[in-house]
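Here's the structure we're looking at; comments come further down.
The values are calculated or read from the model by the stated rules, or taken from the named source; none is laboratory data. Predicted, not measured: the structure shown is a model, and the values here were computed from it. Here the Cβ is made from the backbone with ideal geometry for all residues, glycine too, and neighbour counts use every protein chain on show. Note: accessible area is taken over every heavy atom of the protein model, side chains too, but ligands, DNA and RNA are not part of it. Shrake-Rupley method; radii C 1.70, N 1.55, O 1.52, S 1.80 Å.
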Amino acid sequence: MKKYLVVAFFLIGLVTAQKPLGNPGPPTWLTLNGKRPAVIARGGFSGLFPDSSRFAYEFVSQMSLPDTIFYCDLQLTKDGVGFCQTELKLDNSTNIAVLFPQGQKTYNVNGKDVRGWFSIDYTADELLANVTSNAQSVLTRPNAFDGQQLLLVEDVTGITKPPPPVWLNVQYEMFYNEHKISPALYLEDLRFAGISYISSPEIGFLKSIGAKVDKARIKLVLRFLEPEAIEPTTKQAYGEILKDLAAIKPYASGILVPKTYIWPVSKELYLMPPTTLVADAHKEGLEVYAAGFANDSPGSYNYSYDPTAEYLQFIDNDQFSVDGVLTDFAPTASEAIACIAHTKDASLEKMDIPQADGGIIYFNFGFSGHPLIISHNGASGDYTGCTDLAYDKAVRDGADIIDCSVQMSKDGLHSALIQLIFWEILLPLPHSCLDLLLEIQSLKPQLASPLSQDMGGLPRNPANKDKGKFLTLAEFLDFAKAKAVTGVLINIMNAPYLASKKGLDIVGAVTKALSNATFDKQSTQQVMIQSDDTSVLSKFKEVPSYQRIYDIKEIIGDTPKPTVDEIKKYADGVDLRRPSIWRSRSFFLTNFTKVVQEMHAANLSVHVSSLYNEYTTLAFDFFADPFIELATLIEELRVDAVVTDYPATATTYFKSPCSDPTNTNLEFPISPAEPGALIELAAPQALPPSGAPAPTLDAASIVAPPLPPVTKVESPAAPTPKDQKKSASERSTSTRI
């Protein structure tokens, strides 16, 4: 009971935070009826909570569009009582195997033997009174909310006021009939109360029930399984049934199909040309609903792990729009429909963010009029960082500032450093690169994930893994001027080591390169110099137009005033890592730190790095949705810049009307995460102990010793082609951590 009171108060708080309702957007869509596509929440918010649990349905009612449809997979007990649960077998999503260890059986289901625990072997009293652990069945999702009761269909239809539209899917009518349990009779006894949609993959069931429902109130939908699967009534493959859409119209008003029926995907996970299914079905007067959407199950590399991009592919193209999407993440589908669709041509405008007292706070947004979008080695989520293609895509994707990390690794520098000194070349590379090169032209790009595979890393676009070429600093600056970007950020690292041990004056070389490109003599493009060394930043104090950014790589929990005052002597802003801004426990946010506020109090800009789209890098509070993280950083924490591998995602967010917190004419705002709200709902025994707090950043650690003099290093003989080939085969290529 205590847990239900917690969720009730939490949801009430969410309701009071909602903006006043208004026009949801454009008046027409390319759907059959011209209205916006429906959001169909499969088992409620099953991407976060156990499928078909009370938390899942209650949460989605507050975090999605108000007309979101609650989807329930109907299962029946031995005595014909209906409840919501996705799988026919109960052992994968409940604790039934523990409670009834001898209950495992084998049944023939549509021609296949299936072994497990089935609801038809238990009465409602046995099942509902004992099986109380409604569990999360997807391993990448949190299990901290397990332990909820199964819900009757009547529980779902009356879970909110006013009652939600409910979609009942009857997946196994023939199986139940074989065991003398009738789904049709159950629905008749229910009098179809609270049901707006009924779907089934069995044509015979839809035909039999068609005369018993009020088709003006209830829509019947034929659900398609995989093309080669056999429909039980006609014994035809679903792929064959699809060829005669006109034959479906007499008994159904629409079809529910796997999304690949509409946008096929190659075996390499790239989009193929769309089929004509939606247009063909609309011609027959059939609505088309697409199934299979989940933020943590990317459909194609084309989407760059942005889940909203996949929805837009189905609802916001020039050819068609599906009439609804069946999804495990209804909040993201709502976001795509209400906030992002039809904003491709929108421009970025200045955003005023209100303070708690109603005043307006203006951050150091520089030349952009909104929090800055800074690339992380270019668009390094789509191309290898620091290549020409990564920078070009970053500019096309709307990055305000493109960055260049000019540095050398301490590992194996001898051959690379000798060449750099000999030829006086500076190469921008990601901070963890091993620069074992003999010629810049011989470097082979290698696109990699920010996380290793054992840490949940996901592969990035394989088609682009070795495309592009690395740029010298001079080439990078020429590119920035030619593209007229808002500005550039030069990140300088390891300067003392390079000067004292390898004879490379990296500070002088950067200064000279910027001067040669006339960046020190203009004011149209912003220049940021970033370093974790205050002595490096001091060298650029003589050019007042340059902004100096102090890079805080350490994870910190607090910055006392003496520390902030010390930073202020050398820098105009700081770059923080995400864990320095919020604390988390088992991927749940627990609280925000005060670091951003402390920096802002000293008029220091705050940059946050690095942002990724991959759901494995996001706290559960962000719903596997990078837009929620952006909203939290921008609207709640009010950072001045985001440093991202995916500039396109940040640009899309800023183009959305829902990103403006002063816009009161919103039906669906993109709301920031509330630290502690989710973890309060979790079962305590499912969470590990809290970790130690992050350390406080000490003022004494800020000031670096003066840069050492540049040591003279004897120039070696130019390498032979044989040496070049040998070195190229031994080196490590660009790989981020």
Subset of the stretch 112-126, residues at pLDDT 95 or above, open to solvent by 10 Å² or more (accessible area, probe 1.4 Å) and in a strand (DSSP E or B), comes to Asp113, Val114, Arg115
Condition check for Ala484: hydrophobic (A, V, I, L, M, F, W, C), open to solvent by 20 Å² or more (accessible area, probe 1.4 Å) and at pLDDT 95 or above | yes
Looking only at the stretch 444-481, and only at residues there that are assigned to a helix (DSSP H, G or I) and of a type in the set (Gly, Ala, Ser), the one that is modelled with the lowest pLDDT = Ala474
Residue that is nearest to Pro705 (Cα to Cα) [pool: residues in the stretch 488-518 that are touching a residue at least 60 places away in the same chain (Cβ under 8 Å) and part of a loop (DSSP other than H, G, I, E, B)] = Asn494
Among residues belonging to the stretch 213-228 that are without any contact (Cβ under 8 Å) to a residue 40 or more places away in the chain and open to solvent by 30 Å² or more (accessible area, probe 1.4 Å), point out the one that is farthest from Tyr261 (Cα to Cα).
-> Asp214
Look at Tyr646 and say whether it is touching a Gly at 6+ places or on another chain (Cβ under 9 Å) and of a type in the set (Phe, Trp, Tyr).
-> yes
Tally of residues being open to solvent by 10 Å² or more (accessible area, probe 1.4 Å) and among the aliphatic types (A, V, I, L, M) across the stretch 585-610 = 2
Among the residues of the stretch 66-93, which ones are in a loop (DSSP other than H, G, I, E, B), among the hydrophobic types (A, V, I, L, M, F, W, C) and surrounded by 22 or more Cβ atoms within 10 Å (Cβ to Cβ)?
-> Leu90
Within the stretch 165-180, the count of residues that are of a type in the set (A, V, I, L, M, F, W, C) and in contact with a helix residue (DSSP H, G or I) (Cβ under 6 Å, 6 or more places away or on another chain) comes to 2
If we keep just the residues of the stretch 685-737 that are in a loop (DSSP other than H, G, I, E, B), among the aliphatic types (A, V, I, L, M) and farther than 30 Å from Phe587 by Cβ, which is modelled with the lowest pLDDT?
-> Ala718
Tally, over the stretch 661-677, of residues that are at pLDDT below 95 and crowded, with 19+ Cβ neighbours inside 10 Å | 7
So which residues in the stretch 295-314 are out of contact with any strand residue (DSSP E or B) (no Cβ under 7 Å at 6 or more places or on another chain) and among the small types (Gly, Ala, Ser)?
-> Ser297, Ser304, Ala309
Considering every residue within the stretch 94-108, establish whether at least one is surrounded by fewer than 24 Cβ atoms within 10 Å (Cβ to Cβ) and within 35 Å of the chain's Cα centre (by Cα).
-> yes
Scan the stretch 132-150 for residues that are at pLDDT 90 or above and either surrounded by fewer than 17 Cβ atoms within 10 Å (Cβ to Cβ) or among the hydrophobic types (A, V, I, L, M, F, W, C) (or both) and jot them down.
-> Asn143, Ala144, Phe145, Gln149, Leu150
Write out, first by first residue and then by second, each pair whose Cβ atoms fall under 8 Å of each other, whose residues are 6+ apart or on separate chains, and whose first residue, in the stretch 296-309, is under 15 Å from Thr140 (Cβ atoms) while the second is among the β-branched types (Val, Ile, Thr) and open to solvent by less than 30 Å² (accessible area, probe 1.4 Å).
-> Pro307/Thr332
Search the stretch 151-168 for residues that are under 16 Å from Leu187 (Cβ atoms) and pair each with any residue that is open to solvent by 10 Å² or more (accessible area, probe 1.4 Å) and of a type in the set (Phe, Trp, Tyr) when their beta-carbon atoms are under 6 Å apart and the residues are at least 6 apart or on different chains.
-> Trp167/Tyr197
The stretch 24-61 - residue that is polar (S, T, N, Q) and over 20 Å from the mean Cα position of the chain (by Cα) and, of those, modelled with the lowest pLDDT = Thr28
Hey, does the stretch 200-212 have a residue that's part of a loop (DSSP other than H, G, I, E, B), surrounded by 14 or more Cβ atoms within 10 Å (Cβ to Cβ) and out of contact with any strand residue (DSSP E or B) (no Cβ under 8 Å at 6 or more places or on another chain)?
-> yes
List, please: which pairs have Cβ atoms under 6 Å, are six or more places apart or on different chains, and start with a residue in the stretch 564-593 that is farther than 19 Å from Leu687 by Cα and end with one that is of a type in the set (D, E, K, R) and part of a helix (DSSP H, G or I)?
-> Val564/Glu598
For residues that are open to solvent by 60 Å² or more (accessible area, probe 1.4 Å) and assigned to a loop (DSSP other than H, G, I, E, B), tally how many sit in the stretch 519-544.
-> 6
